1. Would you confirm, using the coordinates I've provided, whether Gly308 is within 15 Å of ligand 2 (Cβ to nearest atom), under 24 Å from Ser241 (Cβ atoms) and in a loop (DSSP other than H, G, I, E, B)?
2. Quick check, is Val280 within 18 Å of the chain's Cα centre (by Cα), within 16 Å of ligand 2 (Cβ to nearest atom) and either open to solvent by less than 40 Å² (accessible area, probe 1.4 Å) or at pLDDT 95 or above (or both)?
3. Within the stretch 19-29, is there a residue that is closer than 30 Å to Ser174 by Cα and open to solvent by 80 Å² or more (accessible area, probe 1.4 Å)?
4. Among the strands (runs of 3 or more DSSP E) contained in the stretch 180-229, which hold 2 or more residues that are more than 16 Å from ligand 2 (Cβ to nearest atom), closer than 17 Å to Asn59 by Cβ and touching a residue at least 60 places away in the same chain (Cβ under 8 Å)?
5. Regarding the stretch 317-324, can at least one residue be identified that is part of a helix (DSSP H, G or I), open to solvent by less than 20 Å² (accessible area, probe 1.4 Å) and either without any contact (Cβ under 8 Å) to a residue 24 or more places away in the chain or basic (Lys, Arg) (or both)?
6. Can you name every residue in the stretch 345-374 that is more than 13 Å from ligand 2 (Cβ to nearest atom) and of a type outside the set (A, V, I, L, M, F, W, C)?
7. Evaluate the stretch 162-174: report whether one residue or more is open to solvent by 60 Å² or more (accessible area, probe 1.4 Å) and closer than 30 Å to Ile38 by Cβ.
Amino acid sequence: MNHYSGFGLFKHALSYHENWQKVWRNPLPKKHYDVIIIGGGGHGLATAYYLAKEHGITNIAVVEKGYLGGGNTARNTTIVRSNYLWDDAAKLYEHAMKLWEGLSLELNYNLMFSQRGVLNLGHTLQDMRDIERRVNANRLNGIDSEVLSTKEVQELVPILNCAPDARYPVLGASWQKRGGTARHDAVAWGFARAADQLGVDLIQQNEVTGIRVVDGMVKGVETKNGFIGASKVGCVAAGHSGELARMVNLSLPLESHPLQAMVSEPLKPCLDTVVMSNHVHGYMSQSDKGDLVIGAGIDGYLGYGQRGSFSIIESTIAAIIEMFPIVSRVRLNRHWGGIVDTCPDACPIISKTPIGGLYFNCGWGTGGFKATPGSGHVFASTIANDHPHPLAKPFSLDRFITGRLIDEHGAAGVAH
Ligand code: FAD
Ligand code: PYC
């Protein structure tokens, strides 16, 4: 009988879902793994999947303190784009974009990847100069990118206030047509199911409390439920990366900030693209369910509480209403925060460390969801070969010693 038919759903409800087909196993940890990935978010799960699929390493555990995809993967606003300024970053994010374009098929899982386009608005002459520079750089890197006039923006987004006397006049925008959104939970679930099918153990509700190192080599992880041995350990813990680094006396150039978002009650379709304004620290899209998905800028203080302050919500909503007066009477349903790990150059760290067999993938700040498949792909290669993947090399830790920083503050959709 088809488990997913209406009748199947009814039958499972009556049997309290006891015979429900499990999407992945729930194994007890083995004593030793070739690779342990700390962090069961999208990036960690993608890393495990590509390690198994492309490098033939299947004796892997993903160790997650909560539930799979319950961190920033579940909390982000799902925007995907690759229009970064500098060559190194543009190549990394475009690598991810190309993977996104075939990912539902590859994982045999509907990620609801929707290339509905992403607009980054310009409200001042300087915004427009920056936009033109970035669009030119994108095109030189073979990334689809256009500068749109006010009229073109208005045609794309009729509900946007483009009047010349608007509080935030729209002078134009950058437009990446291949950008868009993907269903965040599905991304975690799709990678989790595919990794599980390749033999990866997904171990939830098991916080890593220490990383064991002997003679400069990693030996495994201490967890709430005991020690698990490993020849290699990859840390992919987003806002908690600094905590993991401190376990081995490493100091990473990271700050952890709250970043907030919110959704409205569901509405009829009124916005079929993504509109971002770095200038006002606010952006909006409409989910397939109809909710308006609205995001804010980071809260300036540091913290690990997965919530933020009301002043940020207030200023974001004020700006959103200036830009979209039509939504002024819409009710908000929920708001939440995630903890993002920000780097001084607004670029990630994908790197070996001075400790043998220990690797970090972190620092994606406000913008790592879009990179999920690319990040996992290049990190898996870095771990498997104990050598940086060519696309990951510029993002090694040594850039903070050599000074070869990659300043992507201008392309970060949400300043950090
Ligand atoms: P996570 O999903 O956070 O995974 C890390 C996992 O590590 C967590 O599940 C956590 O529980 C686990 N962990 C931590 N410590 C331990 C431990 N000691 N032991 C075991 N497990 C541990 N990016 C975009 O590109 N587009 C967007 O639109 C976007 N919007 C955002 C909106 C908000 C409100 C937020 C908060 C972020 C947004 N981002 C966006 C950023 C994006 O969400 C992150 O960069 C990305 O999801 C990071 O993925 P991850 O898998 O590394 O992290
Ligand atoms: O990086 O595009 C982005 C982004 C959108 C919302 C948060 N980050």
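1. yes
2. So Val280 does not fit the description; no.
3. Quick first cut of the stretch 19-29, residues closer than 30 Å to Ser174 by Cα only: none.
No, every residue in the stretch 19-29 fails to be closer than 30 Å to Ser174 by Cα and open to solvent by 80 Å² or more (accessible area, probe 1.4 Å).
4. Hits in the stretch 180-229: 201-203, 217-223.
5. So far as the stretch 317-324 goes, no, none of its residues is part of a helix (DSSP H, G or I), open to solvent by less than 20 Å² (accessible area, probe 1.4 Å) and either without any contact (Cβ under 8 Å) to a residue 24 or more places away in the chain or basic (Lys, Arg) (or both).
6. Asp345, Ser351, Lys352, Thr353, Pro354, Gly356, Gly357, Tyr359, Asn361, Gly363, Pro373, Gly374
7. Taking the stretch 162-174 and keeping what is open to solvent by 60 Å² or more (accessible area, probe 1.4 Å), we get 164-165, 167, 171.
Cutting the leftovers down to closer than 30 Å to Ile38 by Cβ gives us none.
No, that holds for no residue.
Per-residue answers, yes or no, for (1) without any contact (Cβ under 8 Å) to a residue 60 or more places away in the chain; (2) in a loop (DSSP other than H, G, I, E, B); (3) of a type in the set (S, T, N, Q):
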residue	(1), (2), (3)
Ala90	yes, no, no
His95	no, no, no
Leu111	no, yes, no
Asn120	no, no, yes
Arg134	no, no, no
Ala137	yes, no, no
Ile143	no, yes, no
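The values are calculated or read from the model by the stated rules, or taken from the named source; none is laboratory data. Bear in mind that the values here come from a model prediction, so they are computed numbers and not experimental data. So basically every Cβ, Gly included, is an ideal-geometry build from the backbone, and we count neighbours across all protein chains shown. In case anyone asks, the SASA skips ligands and DNA or RNA and just uses the protein heavy atoms, side chains included. Shrake-Rupley method; radii C 1.70, N 1.55, O 1.52, S 1.80 Å.
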